[in-house]
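The values are calculated or read from the model by the stated rules, or taken from the named source; none is laboratory data. In this text the structure is predicted, and so the values were computed from the model without any measurement. Cβ placement follows ideal geometry from the backbone for every residue including glycine, while neighbour counts extend to all protein chains displayed.
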């Protein structure tokens, strides 16, 4: 199906523009638990800080026959237009906010996209006028849901991915 105002296509979902301030991640199959789980993880992270894209509501579009995870619209900018010194400041804030999420029991798990998925390695990290932001919390994990051992494994993997992103962000 062709979607109007398509912004991006991921492995399982499409994202469309609803307005200048909102986008919708479309869920077209029987994914009720997926949309609810993603919404809850997004709301959890939003209570901690502003690193993760802001959840707005869940909706349904009859014309598209799709459930919608509606969130703020982010306008990414190209970080290569900015001096490394400025990128270092953005990185420090990003790192601090990610550690806040970890301490609260949230791990993103998608800092670096798997190599078997299309797109760029760090497509889930966007630079905006407000700094670096995270999108797509679909595979994120909350400590109470996965337990301390698995959470720590995910956190360690994320810290390794963060080191790779740090190098990429400052040196590309």
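Answer yes or no as to whether residue 20 is outside any loop (DSSP other than H, G, I, E, B), out of contact with any strand residue (DSSP E or B) (no Cβ under 9 Å at 6 or more places or on another chain) and exposed (fewer than 13 other Cβ atoms within 10 Å of the Cβ). I'd like the intermediate steps shown before the answer.
Working: outside any loop (DSSP other than H, G, I, E, B): no; out of contact with any strand residue (DSSP E or B) (no Cβ under 9 Å at 6 or more places or on another chain): yes; exposed (fewer than 13 other Cβ atoms within 10 Å of the Cβ): yes.
No.
Yes or no: residue 27 crowded, with 17+ Cβ neighbours inside 10 Å, in contact with a helix residue (DSSP H, G or I) (Cβ under 8 Å, 6 or more places away or on another chain) and farther than 19 Å from residue 107 by Cβ?
Numbers: crowded, with 17+ Cβ neighbours inside 10 Å: yes; in contact with a helix residue (DSSP H, G or I) (Cβ under 8 Å, 6 or more places away or on another chain): yes; farther than 19 Å from residue 107 by Cβ: yes.
So residue 27 passes the test.
Only one of these conditions is not met by residue 75: (1) at pLDDT 95 or above; (2) closer than 25 Å to residue 19 by Cα; (3) surrounded by 14 or more Cβ atoms within 10 Å (Cβ to Cβ). Which number is it?
Of everything listed in (1) at pLDDT 95 or above; (2) closer than 25 Å to residue 19 by Cα; (3) surrounded by 14 or more Cβ atoms within 10 Å (Cβ to Cβ), residue 75 misses just condition (3).
Which of the residues spanning the range 138-168 are in contact with a strand residue (DSSP E or B) (Cβ under 8 Å, 6 or more places away or on another chain) and surrounded by 14 or more Cβ atoms within 10 Å (Cβ to Cβ)?
Residues satisfying the conditions are 140, 141, 142, 143, 151, 154, 155, 158, 165.
Here's the yes/no breakdown for (1) part of a loop (DSSP other than H, G, I, E, B); (2) touching a residue at least 12 places away in the same chain (Cβ under 8 Å); (3) farther than 19 Å from residue 126 by Cα; (4) not assigned by TED's automatic domain parsing to the domain that holds residue 120:
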site	(1), (2), (3), (4)
12	yes, yes, yes, yes
36	no, yes, yes, yes
45	no, yes, no, yes
57	no, yes, yes, yes
85	no, no, no, no
93	no, yes, no, no
97	no, yes, no, no
103	no, no, yes, no
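If I ask for residues that are under 18 Å from residue 101 (Cβ atoms) and surrounded by fewer than 20 Cβ atoms within 10 Å (Cβ to Cβ), which ones from the range 118-137 would you list?
Residues satisfying the conditions are 122, 126, 128, 130, 131.
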